[in-house]
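Trainee: Got a structure for you, questions after.
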Amino acid sequence: MPKTPASKPARDTSSEIDAGLVREIALLLSETDLSEIEVERGDLRIRVARQTYAPAPVAQTYVAAAPAPAAAPLAAAPVAAAPEHDQADVLKSPMVGTVYLRPSPEAKPFIEVGAHVTEGHKVLLVEAMKTFNDIVAHKTGVITAILVEDAQPVEYGQPLMVIA
């Protein structure tokens, strides 16, 4: 009796996961900034989730200045006060992240001290979790001070600049 080639059993493709569909769902997840998506097609159910990590707080150390030796009595000298700004003029960071004063390292800054801006004008970026967020002027005026440096970590509510 002649031998016939053994036929392979048919693969059950109904339980295979469509990698392309998973990639599409993962892309949708990152584009919409969601943390989890679940999709059902017939008896197939795919759940894609990602973990989000809050950036670690930046440790700041403050060192007190050593007292000056009391060699001579101190005369009442005028002390230059730290610049005070009307709180309505101060643009504060809406999030924790890293501030960028220019759109790319080789580009010129969005704004400079003395520049006139209108409300809604992009003045800098704050990067948080690999997402660059436009920070816009909260009012129309002139930039009188920039209180942060490019690529500096910032905290929520930290003053970024003064628009008077």
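Trainee: Can you list residues from other chains, or at least 5 along the same chain, whose modelled amide H is less than 5 Å from the amide H of residue 147?
Mentor: Under 5 Å from the amide H of residue 147: 161, 162.
Trainee: Please list, ordered by chain and number, the residues whose modelled amide H lies under 5 Å from the amide H of residue 133; skip anything fewer than 5 residues away on the same chain.
Mentor: The answer is 126, 127, 128.
None of the figures in this text is laboratory data; all of them are computed from the coordinates on show. Fair warning: this is a prediction, and the values are worked out from it, not measured in the lab.
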